[in-house]
Each structure stands twice: as structure tokens, then as C-alpha cells.
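Just below is one structure, and these are the notes that go with it.
The values are calculated or read from the model by the stated rules, or taken from the named source; none is laboratory data. Quick caveat: nothing in here was measured; it's all calculated off a predicted structure. Note that we place each Cβ from the backbone using ideal geometry, even for glycine, and neighbour counts take in every protein chain shown. When the accessible area is computed, the model is the full protein with side chains, heavy atoms only, and any ligands, DNA or RNA have been set aside. Shrake-Rupley method; radii C 1.70, N 1.55, O 1.52, S 1.80 Å.
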Amino acid sequence: MIAYRLSAAALPIAALLGAALLAAPSARAEEGDAARGRTLFQRQCQSCHQVAQPRNGVGPTLQGVVGRASASVEGYNYSPALKALGQSWTPETLGAFLANPTGVARGTRMVQRVAAEQDRKDIIAFLAAP
């Protein structure tokens, strides 16, 4: 093992660099990783939802979902629970819904949960990407 000795003048700089390196991953985690979210979406959501095409399937299209009013995709037969929800799909409301769909909209037909918070952030980052 090689040991390095830092001068007293270099210690504050090393401490700042270390803090910056440690903070960088958490900043990325807060935002979500859209590339990872795409993979998660393909594995967990794509069997019911489309995002590449504005086409409804078992679930409504999620193309442009971030910022859209709930139960607003034309031609999709929403559950009464989602029709009554009356909210916009923000990253926060999507996060809560993905964590526990039936807790947010009791009676929704969506039962797939995304348990891990980072997975939810990554999926939402993918859905929000242009």
C-alpha cells in the first residue's frame, strides 16, 4: 500500500474534492437516471403501457404523461377511481402512484407497484425525457 502525505495547505482542497465526489452520486439519484428508467420501464411497464407510440393498450399511453391531467387520454376507458382523482401527473404524484397505486386511487386497475424509490425516480426521469 502506498501512503501519500498531504501538506496542511492541501488538506482543505482534498476535503472539498472528497465532499464533491461524494455528493455527485446523490445529486444524480435525486434527479433519476433516464437510461436506467428506460430499461426498468421495458421490464415492468411496457406490457401494459406504450410510450414510444401514442397508442393505448391494457393501460393508457404514457407518452407525455408528466404534466398531463390524470384520466385525460382520449379513447382510454379509465377506472372510476382515476376519473375521480383530479390531479396532474407531476414527478411527485407519479412517484406516490407508482409506489402504491391502490393507495392513491382506490379501485384503480393498476396493481403493479414499483417498490424501490430510486427505480421510481429513474422511471419518472425516463417518462419526463423529451
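Summary table below
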| read-out | value |
| --- | --- |
| Tally of residues being open to solvent by less than 60 Å² (accessible area, probe 1.4 Å) and not β-branched (Val, Ile, Thr) across the range 73-94 | 10 |
| Residue pairs meeting the criteria (Cβ under 8 Å; at least 6 apart or on separate chains; first open to solvent by 60 Å² or more (accessible area, probe 1.4 Å), in the range 95-113; second of a type in the set (S, T, N, Q) and in a helix (DSSP H, G or I)) | Val111/Thr102; Gln112/Gln44 |
| Any hit, the range 87-98, residues being over 20 Å from Ala129 (Cβ atoms) and in a helix (DSSP H, G or I) | yes |
| Residues satisfying the stated conditions in the range 34-67, i.e. assigned to a helix (DSSP H, G or I) and either open to solvent by 40 Å² or more (accessible area, probe 1.4 Å) or not hydrophobic (A, V, I, L, M, F, W, C) (or both) | Ala35, Arg36, Gly37, Arg38, Thr39, Gln42, Arg43, Gln44 |
